[in-house]
Amino acid sequence: MSLGNAFRNRDNFIPPRLQITAMMDMFTIIVFFLLFSYSDRPDEIDLESNIDLPVSSTERNYENTIKVFLSPQAITIEGEQVAAINNGRIQGFNEKKPLESNLYKTLERLRQEKTTANPETEEEQASTADKPQVLFFCDKAVPFKLMNTVMKTIGMVGYPNMQLAVTGER
């Protein structure tokens, strides 16, 4: 018998049948595995006894916060217009001498008022959650360079804790 006859005498080809039940079982198992592995419960981690983590809260106390508003026309601090803005530049602000600007002087005056009202030492102030902060409201049309200049000046006065105010999605 030659090979040529083996191909002719062979039975007709019967295509295999797809068993969808077994595939659905596997798919269900994978879906449940993914759902449980991405659950919304927090991970539990065993901490070492010598580590003391800080407490976090989403509530904010804005009593000790200075509010700075930066619009395309002016800089306003606590309701007082400090400087006008023209063509993206702060009027009366010299970048080489920022300590002489009205912006710096106003922030420094407010800092002095807050420290005399709350006579705490630097160490006590650093340990409390109510250390001086700035809540920074900036129009989204303001160029970044201008925003950066104002933020650097705020930092030079001694307000390292700045929060940018944003609106939520609608």
Within segment 63-108, how many residues turn out to be β-branched (Val, Ile, Thr), free of Cβ contacts under 8 Å to residues at least 24 places away in the same chain and either at positive phi or outside any strand (DSSP E or B) (or both)? 0
Condition check: surrounded by 10 or more Cβ atoms within 10 Å (Cβ to Cβ) and at pLDDT below 80. Does Asn102 satisfy that? no
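Of all residues being in a helix (DSSP H, G or I) and at pLDDT below 85 in segment 124-165, which is farthest from the chain's Cα centre (by Cα)? Just the residue, please. Full working, then the answer.
Initially, segment 124-165 is screened for residues in a helix (DSSP H, G or I), giving 124-127, 144-157.
Add one more test, that the residue is at pLDDT below 85, and what stays is 124-127.
Details: Glu124: 27, Gln125: 24, Ala126: 22, Ser127: 23 Å.
Only one residue fits best here, namely Glu124.
Here's the yes/no breakdown for (1) surrounded by 10 or more Cβ atoms within 10 Å (Cβ to Cβ); (2) touching a helix residue (DSSP H, G or I) at 6+ places or on another chain (Cβ under 6 Å); (3) at pLDDT below 75:
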{"site": "Pro16", "(1), (2), (3)": "no, no, no"}
{"site": "Leu34", "(1), (2), (3)": "no, no, no"}
{"site": "Tyr38", "(1), (2), (3)": "no, no, yes"}
{"site": "Ser49", "(1), (2), (3)": "no, no, yes"}
{"site": "Val68", "(1), (2), (3)": "yes, no, no"}
{"site": "Ser71", "(1), (2), (3)": "yes, no, no"}
{"site": "Arg109", "(1), (2), (3)": "yes, no, no"}
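The values are calculated or read from the model by the stated rules, or taken from the named source; none is laboratory data. From a predicted model like this one, the values you see are computed outputs, not experimental measurements. Glycine also receives a Cβ, built like all others from the backbone with ideal geometry; neighbour counts cover every protein chain displayed.
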